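What follows is one structure encoded as structure tokens, with my remarks underneath.
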Amino acid sequence: MKFYIATDHAGYRYKAQVKEYLSEKGITVVDLGPDNADRVDYPDYGRKCAEAVIADPGSFGIVICGTGIGISMAANKVPGIRAALCHDAYTATMARAHNDAQILAFGERVVGFGVVQSMIDAFVSTEFEGGRHTRRVAKIDEIDRDYCGYGTELG
Ligand code: RB5
């Protein structure tokens, strides 16, 4: 299992902790920045992580900003990406089971690190259920196709 991780300055502190937690679990983690806690713009890092995940089929991502909102919005603009803003183990489980999310998003100013650990545990251990959810996820991809040409001859 391989994860890409990116944050803004407001998620920077958790980045090191999440990397350590994933490594302890034997999961490969690629740090896409930033390299220090200076102010940066979350869209740059949400995009970076989403582009890395799309370019590496089967990989996953974690994005963190203050709330998780802005960085997940940016990641979701990359066609084919399903980034889920989660708040607890339940939402992280459902993000995988029902939505086949490739990216877990959360806010450093919102959840404690114990909750982060439980979300990561849930996200990495839950498989997409398929079945009726396949049709619904395909309809999300259909929106990308209709608006961006993703999955067609255009991209
Ligand atoms: C940065 O102050 C903050 O706006 C950002 O981390 C994030 O919460 C935006 O959605």
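Just so you know, all these numbers are worked out from the coordinates, no wet-lab data involved. Not measured: the values here are computed from a predicted model. Cβ coordinates were reconstructed from backbone atoms using ideal geometry, including for glycine residues, and neighbour counts include every protein chain displayed.
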Compute the angle between helix 12-24 and the longest alpha-carbon principal axis of the chain, please, reported from 0 to 90 degrees and rounded to the nearest 10.
80 degrees
Give me the Kirkwood hydrodynamic radius of the chain in Å, from all C-alpha pairs, to one decimal place?
15.3 Å
The chain: angle of helix 42-55 to the longest principal axis, Cα-based, in degrees nearest 10
60 degrees
Principal axis extents for region 63-131, Cα atoms only, whole Å, descending order, please.
36, 28, 12
Given backbone amide H placed at 1.01 Å from N, residues whose amide H is under 5 Å from that of Tyr4, ignoring those fewer than 5 places away on the same chain, are Val30, Phe60, Gly61, Ile62
When ranked by the protection proxy of mean other Cβ atoms within 10 Å per residue, highest first, what sequence do the peptides 47-59, 139-151 form?
47-59, 139-151
To test your reading of the geometry: what angle, between 0 and 90 degrees and rounded to tens, separates the Cα axis of helix 113-125 from the longest principal axis of the chain?
30 degrees
Listed by chain and number, the lysines with an alpha carbon less than 16 angstrom from that of Lys15, same-chain partners under 8 positions apart left out, are Lys2, Lys25, Lys48
